[in-house]
Amino acid sequence: MEDMSNYPLELTGPDVPMVRFMNVTKSYGALVVLDKLDLDVAPGEMVTIIGPSGSGKTTVLRMLMTLEPINGGVIYVDGQPLTHMPRGGRLVPADARHLRKVRASIGMCFQQFNLFPHMTALQNCMEGPVQVLGLSRAEARARSEELLELVGMIDKKDQHPSRLSGGQQQRVAIARALAMRPKVMLFDEVTSALDPEVIGEVTAVIRKLVAEHNLTMLMVTHQMGFARDISDRICFFFGGRIEEQGPPDVLFGSPRRDRTRQFLSAVKEAI
Amino acid sequence: MSFHWRWDFTFEIMPRLLWATLNTLMAAGLGYAIAMVLGLGLALAQRSRFRLLTLAVRELVEFIRSTPLVLQIFFVFYVGPQFGIRLSPWVSGMAAIGLHYSAYLSEVYRGGLASVPRGQWEACIALNMTARQTYLRVILPQALPPALAGMGNYLVGILKDTPMLSVIGVAELMQTANAIGSESYRYLEPYTLVGVIFLAISLPVAGLVRLFEIRVRRKLGMR
């Protein structure tokens with residue numbers, strides 16, 4: 001068992017990160033996917049994770065969304081431990097109630113959209129605010145319509161997902177996640193399942209979010225140009241660790257590590 | 001041996017059989033209602049985090065499905081009293097047939113639940129929904145439409161199995177036909193009528209289930 005006394009019960013001080021991975025380890029049996037990861041994301045920061053497949057990029061987001069349990073370390077969100085909770089002066093694994101409380105500040109968009117197929121676009125957006133946040137239907141509708149407007153899907157609000165294109169579904173999914181008013185938004189390869197001609201409509205929405213909203217965002221993507229344009233920081237993952245990180249111009253312009261250079265040139269060739 | 005159908009006798013016994021048909025319908029309806037609710041419980045229990053519960057329910061379902069219904073009916077009615085559980089034929093019959101079909105329906109539900117993609121569960125976590133909200137609002141509405149066809153089959157199935165309740169004296173169609181036969185020594189008409197009545201119920205039920213299935217799918221935006 002890990003000695004939990006090295007981990008603070010909460011993060012305090014002037015520069016509390018919105019997200020902190022502290023010594024986080026994830027393994028599937030003998031396969032170590034993430035090895036003692038330390039990663040901070042500041043409030044309002046946009047961090048993009050790149051790297052070859054199997055490097056643990058998506059796992060980072062999935063652990064933060066509590067879709068996957070972690071095997072070691074602690075994740076903090078907005079100063080509070082997410083994966084653990086304080087009890088008797090030390091951290092113990094979080095129970096369902098604690099997870100629900102802290103998870104409320106995190107929203108996520110998925111590669112496969114995962115819209116609810118039996119609900120219209122508007123109903124998809126209203127579901128969380130009504131059921132989980134307890135908003136009145138009128139409030140939830142106003143909020144949802146505003147967000148569908150933001151993502152340019154207000155005209156299709158009464159359509160079921162099966163009648164929408166991939167790009168349209170993903171835009172609704174972004175509105176649905178935003179309707180929960182998260183502090184942190186996670187974008188997990190949100191353009192990977194899209195036809196090339198509709199990728200732009202989804203990236204445009206994310207650009208708008210970055211420009212107009214003070215959200216903290218963590219993104220995994222293969223769209224290098226897009227990542228370079230909008231990120232404050234790029235993290236290059238390799239073999240379950242951060243091989244190199246820095247501002248986009250530095251990481252894409254003059255990478256220091258061989259593996260980063262190899263990866264970037266391989267990606268460039270693919271395009 | 002000669003085949004002679006007596007229409008006057010047919011009309012004479014018709015009211016009694018139609019009356020008994022009501023009991024048959026009630027037995028099938030009640031039994032099915034029990035099976036639908038209990039079956040859902042058995043299906044959900046098999047997805048529980050508690051391994052022991054999951055295993056126990058799995059074994060129970062297999063056990064019920066692997067033994068004859070008529071034996072289960074006898075057990076509840078005749079063996080129950082030895083343990084101090086004294087139930088009327090109707091109650092025993094409903095308990096046995098409801099339990100029996102709940103095992104089958106739980107498998108239908110289980111298939112439906114398994115057909116809901118993992119991403120739907122993950123979306124519910126991302127929206128911070130409770131387990132209850134996840135099931136009621138998202139998972140079950142998607143799991144039930146694909147299960148409807150299988151559920152319809154068992155609705156017809158339970159109807160056709162209600163004659164087994166005659167072995168403990170529930171006054172449904174079969175039991176009434178038997179009674180008519182032993183009073184009059186004529187079996188051709190009562191049994192034929194029983195067959196015709198079953199056919200006259202089963203066929204429309206199967207058709208209605210099919211229609212219902214199409215409507216539900218359309219309503220939920222699925223094709």
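For the pair segment A:27-44 / segment B:52-101, the C-alpha centres are spaced 52 Å from each other. At a probe radius of 1.4 angstrom, the accessible area of the protein assembly as shown per residue rounds to 49 square angstrom.
Note on A:THR25/A:ARG163: beta-carbon distance plugged into 1/(1 + (r/R0)^6) with R0 of 41 Å gives a FRET efficiency of 0.40. Could you tally the net charge around B:ALA103, taking each other residue with its Cβ under 15 Å from the Cβ of B:ALA103, Lys/Arg +1 and Asp/Glu -1? My count for the surroundings of B:ALA103 gives -1. The simple spin-label model puts a point 7 Å past each Cα toward its Cβ; for B:ARG132 and B:ASN153 those points are separated by 3.4 nm. Could you pull out the longest piece of chain A with no exposed loop GluC sites (Glu not before Pro) in it, calling a site exposed if DSSP puts it outside H, G, I, E, B and it has at most 13 other Cβ atoms within 10 Å? In short, A:11-271. Remark: spin-label model distance B:TRP5-A:ARG207 equals 8.0 nm, labels positioned 7 Å along the Cα→Cβ axis.
For the protein assembly as shown, the spherically averaged projection of the C-alpha convex hull amounts to 33.5 nm². How would you classify segment B:7-219 from its alpha-carbon gyration tensor, with a ≥ b ≥ c the square roots of the eigenvalues: rounded for a/c under 1.5, else prolate if a/b is greater than b/c, otherwise oblate? Cα axes put segment B:7-219 in the oblate bin. Couplings 3J(HN,Hα) for segment B:128-144, derived from phi with the Karplus relation 6.51 cos²θ - 1.76 cosθ + 1.60 (θ = phi - 60°), are 6, 7, 6, 4, 4, 4, 4, 5, 5, 8, 10, 6, 4, x, 8, 7, 6 Hz, where x marks Gly and Pro. Peptide A:108-121 shows a mean partner chain C-beta count of 5 within 10 Å per residue C-beta.
Length available on full extension from A:ASP229 to A:ALA142: 0.36 nm per residue minus the Cα-Cα distance, which gives 28.1 nm. With all protein chains in place and a 1.4 Å probe, the accessible surface of segment B:7-219 carries 69 percent carbon and sulfur. For the listed residue pairs A:LYS36/A:LYS183; A:LYS157/A:LYS183; A:LYS57/A:LYS183; A:LYS26/A:LYS208; A:LYS156/B:LYS219, the alpha carbons are over 23 angstrom apart in A:LYS36/A:LYS183; A:LYS157/A:LYS183; A:LYS26/A:LYS208. Each Lys or Arg adds one and each Asp or Glu subtracts one; over the other residues with Cβ under 12 Å from the Cβ of B:ILE180, this totals -1. Comparing Cα centroids, segment A:156-190 and segment A:107-137 end up 8 angstrom apart. Could you tell me the distance between the Cα centroids of segment B:159-223 and segment A:52-103, to the nearest Å? Centre-to-centre distance over Cα atoms comes out at 56 Å.
Rounded to the nearest 500 deg cm²/dmol, what is the calculated helix-only ellipticity per residue at 222 nm for chain B, with -39500 (n - 2.57) per DSSP H run of length n ≥ 4? Intermediate values should be presented prior to the final figure.
Working: 8 runs with 162 residues, N = 223.
Taking each H run of at least 4 residues, the total per residue is -25000 deg cm²/dmol.
Take A:79-89, A:55-65 and order them by the average number of nearby Cβ atoms within 10 Å per residue, most first; the result is A:55-65, A:79-89.
Working note: Karplus 6.51/-1.76/1.60 with θ = phi - 60° gives segment B:60-72 the couplings 4, 4, 4, 4, 5, 6, 9, 10, x, 4, 5, 5, 5 Hz, where Gly and Pro are set to x. Determine the relative contact order of segment B:155-223: mean sequence separation of Cα pairs under 8 Å and six or more apart, normalised by residue count, in whole percent. Averaging sequence separation for qualifying contacts and normalising by length gives 23 percent for segment B:155-223. Judged by the ratio a/c of the largest to the smallest principal axis of the C-alpha gyration tensor, chain A counts as oblate, that ratio being 1.5 or greater while a/b is no larger than b/c.
In this structure, the amide hydrogen of A:ILE49, modeled 1.01 Å from its nitrogen in the peptide plane, lies closer than 5 angstrom to those of A:MET219, A:VAL220, A:THR221, A:CYS235, counting only residues at least 5 positions away or on a different chain.
Proximity of backbone amide H atoms, modeled 1.01 Å from N, is registered between A:GLU244 and A:PHE236 at under 5 Å, excluding neighbours fewer than 5 places apart on the same chain.
Here is the interface size for B with A: some 2000 Å² of accessible area buried, both sides summed, with a 1.4 Å probe. Please give the residues of segment A:89-125, grouped as numeric ranges, whose backbone N is less than 19 Å from a label point set 7 Å along the Cα-to-Cβ vector of B:PHE50. Inside the label zone: A:95-97.
Note down the relative contact order for segment B:7-219 as a percent, whole number, built from C-alpha pairs under 8 angstrom at least six residues apart.
28
Compactness check for segment A:121-271: Cα Rg over 2.2 N^0.38 Å is 1.19. For chain A, what does the helix formula give at 222 nm: sum of -39500 (n - 2.57) over DSSP H segments with n ≥ 4, over the residue count, nearest 500 deg cm²/dmol? When only DSSP H runs of four or more count, the value is -11000 deg cm²/dmol.
The calculated FRET efficiency for B:PHE83 paired with B:ALA179, based on their beta-carbon distance and R0 = 30 Å, is about 0.45.
The values are calculated or read from the model by the stated rules, or taken from the named source; none is laboratory data. Because the structure is a prediction, the values reported are computed rather than measured. Please note: Cβ atoms are built from the backbone with ideal geometry, for glycine as well, and neighbour counts cover all protein chains shown. For the accessible areas, the whole protein counts, side chains as well, though only heavy atoms, and no ligand, DNA or RNA atoms are used. Shrake-Rupley method; radii C 1.70, N 1.55, O 1.52, S 1.80 Å.
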